[in-house]
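Report on the structure given below.
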Amino acid sequence: MSRGHFDAEGFFAALDAQRQGRNITWKKVADESGVSASTLTRLAQGKRPDVDSMASLIGWSGLSADSFVAGLEERLNEAEPLAKITAYLRADRNLTPEGATALEAVLKSAYERLRRT
């Protein structure tokens, strides 16, 4: 059986994207999520959150913990990352259909350029 790995850096990056999307400060994230500012600072330094902090941040952000755990098992029939991103962009009430299409094109181009082959 393979050992799982938590992507703390990816988790923090996703939290930061959520924070920026809401246009709020890290202090506000701490207040809204119930997680201490020092915990957020440790996350920014690449440290892993304790399970209670992670649960609070998952709840605050709407993210899925599964997205940040790798190596447990290979998943079958899982949607491709670009398909997920496209769905999220098109469901975003803050974007016009044209805006979603433009972002999708930029992301697809960058993804194709940077993905492992």
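When region 17-54 is filtered for residues that are closer than 25 Å to Tyr88 by Cβ and in a loop (DSSP other than H, G, I, E, B), the ones remaining, listed by number, are Asn23, Ile24, Thr25, Val35, Pro49.
Within region 23-39, the only residue that satisfies the criterion of being over 15 Å from Ser53 (Cβ atoms) and either surrounded by 13 or more Cβ atoms within 10 Å (Cβ to Cβ) or aromatic (Phe, Trp, Tyr) (or both) is Ile24.
Filtering Ala8, Ala44, Ala55 for residues that are farther than 25 Å from Arg113 by Cα and in contact (Cβ under 8 Å) with a residue 12 or more places away in the chain leaves a single hit, Ala44.
The numbers here are math on the coordinates, done by the rules we state, and not lab data. In this text the structure is predicted, and so the values were computed from the model without any measurement. Glycine gets a Cβ as well: all are built from the backbone with ideal geometry, and neighbour counts include every protein chain shown.
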